[in-house]
Amino acid sequence: MGKIRVLDPQTVNEIAAGEVIERPASVVKELIENSIDAGALNVRVRIEEGGARRIEVIDDGEGMSREDALLAIRRHATSKLTTISDLNRLSTYGFRGEALASIVSVSRVTIRTRRKEEPVGSQVVSEFGAEPSVSDIGAPPGTTVIVEGLFANVPARRKHLSSDKAETAHVQDVVVRYAIAHPEISFDLESDGRELLSFRGPDRVSRLAELIGPRAAKRVVEFSKSINDEIEIIGALTKIDVTRSSPSSIYLFVNKRPVSSPLLLSAIADGYGTRLMRGRYPIGYLMIELSPEEIDVNVHPTKREVRFSNPEKIRESIVHAIDEAFRGTEMTPSLGDLMEYTKVGEIPADIEPAVDMRRTQSEIVVDEKEEAPSPPLIPLFQLFNTYIVAQGSGDSIVILDQHAAAERITYERILESLKEGARISQRLLSPVILELTSAERSALEENMEHLGSLGFEVEEFGGGSYRLVGVPVVLGAEQGERALRSVLDDLSKASRRRPLGEELIWKVACHGSIRANEPLTKHQMSVLISDLFKTSNPYTCEHGRPTMISLSRGDFERLFKRRL
Ligand SMILES: Nc1ncnc2c1ncn2[C@@H]1O[C@H](COP(=O)(O)OP(=O)(O)O)[C@@H](O)[C@H]1O
Ligand SMILES: [Mg+2]
């Protein structure tokens, strides 16, 4: 008795049906999933001409009997699901029983398969959905599926395929995702006879290193968190100096299924919070494991989207896990690293999001990273009245952006004062009359309440003039007055006079802090540095700009080409 059953029509109707095959990469995805479901430990993918000409996926999984191999290509024939109630307990990738049937309808498919316990294997060949032919064949245990001439019978679809190079990149991306999800399985990808990817390492970070290079991989922070034994969060993401302009190198998984999820991406961004510059994305992976009952994978035919039954809880857990992972983690980028990483970012747009491993590796120098500096930093001198050059621990020089550093300090002090609910405003000994332009006046009126909540007390003084009677305690009289004037000037020129959410706090922090082009004494520099290291994240300002970079002895040696 075979394992595969044809689903009854009612169950079929309840499964979101749809065309699953769009391009070679979708074929590769379905075949890889079948191999994983079959318990394979080695999966080899070979493609020709981007997969349009030929795709071959070879596994060493459990194989199929002759009877099952014939059933496998029938629509809604699956060994993984019997009734709809099984859907909630799914631990396999497949369940619709339609992938092979769909592939068979648009290509010539050859399946060679043998179960370990059977002496001979079977070969099933079907062309464009026609009656299959079957024969005995000698074959190693496991299954090989060959797909040739994809869409040869649907010229409109075939025409829609992109260049071989672009299709290859899509295939690469698929292989990368499953290789990261399943470090226990080895994966290879060969394209037109050339080895493109080879993942054999037993852990995820080493697989990531194959993609982004060992230097960048060293900037990865690993974390894992389990919430009430219900949600498991496992991830590895780069520190803030290794980022890209798109989220295409963040690999997301839910129960080992590669997914795309705006919810998870925004949770990651919130986990980094102000550490990450806006518009920049880290590199790495995030895996969520939870009871299959908590998710619905049946949303989209290609199963890339998931629906959580409790999205808010998932979000919160991720934010916490990431925030915790990066709290107290040293983040200072070194100049040498920054130069290396720009190369990682230079992957040509047309092969995004896959990364050509060879190219990246040959460009990136494997090197022991010198320890990045942490306090104490001893200020040496000021550069251009804007940067503080300091001696770091070990053989390093640290250069701080005095404004970015001061902004981080002020920003956190303002937040702190708001949280404590303590006195946030300090009365001025003598009120200051504010001479305002009409635009500044309306900016003030529109933001009066919000400014008041931050500690600015402004009173109408008659005749359309105003006087400042109180300033935020954290700024003090002089800085407070200066900050308000600059904020109003700023707002009066902005396209949106009423800033949203935290933006007003950012503006106040910006204008209430030591600026660039401001000479500082040694003492002021020391105070700034020691205050900076008391903040929750000394390494970036609240917009995510770096507050400091470090230059190690090794960086100097590379810059002067003493060492390559
Ligand atoms: N590589 C493989 N090894 C063993 N069995 C396979 C393999 N690929 C497909 N099968 C069998 O064929 C059936 C149909 O596959 P498919 O059309 O992808 O549907 P599904 O994966 O949703 O069940 C599977 O349920 C499985 O029993
Ligand atoms: Mg399948």
- Task: Would you please put 286-296, 428-438 in order of how densely packed they are, using the mean number of other Cβ atoms within 10 angstrom per residue and starting with the highest?
- Result: 286-296, 428-438
- Note on the structure: Filtered hits (lysines, Cα-Cα < 18 Å from Lys256, offset >= 8 within chain) -> Lys29, Lys80, Lys225, Lys303
- Query: Under 17 Å from the Cα of Lys239, which lysines turn up, not counting those fewer than eight places away in the same chain?
  - Reply: Lys218, Lys343, Lys369
- Query: Where does each of 509-515, 234-240 land if you order them by average Cβ count within 10 Å, highest first?
  - Reply: 234-240, 509-515
- Task: Would you calculate, for the chain, the mean residue ellipticity at 222 nm contributed by helices, counting each DSSP H stretch of 4 or more residues as -39,500 (n - 2.57) and dividing by all residues, to the nearest 500?
- Result: -10500 deg cm²/dmol
- Task: Determine the relative contact order of the chain: mean sequence separation of Cα pairs under 8 Å and six or more apart, normalised by residue count, in whole percent.
- Result: 12 percent
- Inter-label distance, nm, simple model (7 Å from Cα along the C-beta direction), Arg278/His160: 3.7 nm
- Query: What ranking, highest mean first, results for peptides 219-230, 392-403 when packing means the other Cβ atoms within 10 Å averaged over each residue?
  - Reply: 392-403, 219-230
- Message: Between 0 and 90 degrees, rounded to the nearest ten: what's the tilt of helix 311-326 against the longest Cα principal axis of the chain?
- Response: 60 degrees
- Which whole-Hz ³J(HN,Hα) couplings does region 38-49 yield from phi under the Karplus relation 6.51 cos²θ - 1.76 cosθ + 1.60, θ = phi - 60°, glycine and proline marked x? 7, x, 5, 10, 9, 10, 10, 10, 10, 10, 10, 6
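None of the figures in this text is laboratory data; all of them are computed from the coordinates on show. From a predicted model like this one, the values you see are computed outputs, not experimental measurements. Note: ideal-geometry Cβ built from the backbone for every residue, glycine included; neighbour counts use all protein chains shown.
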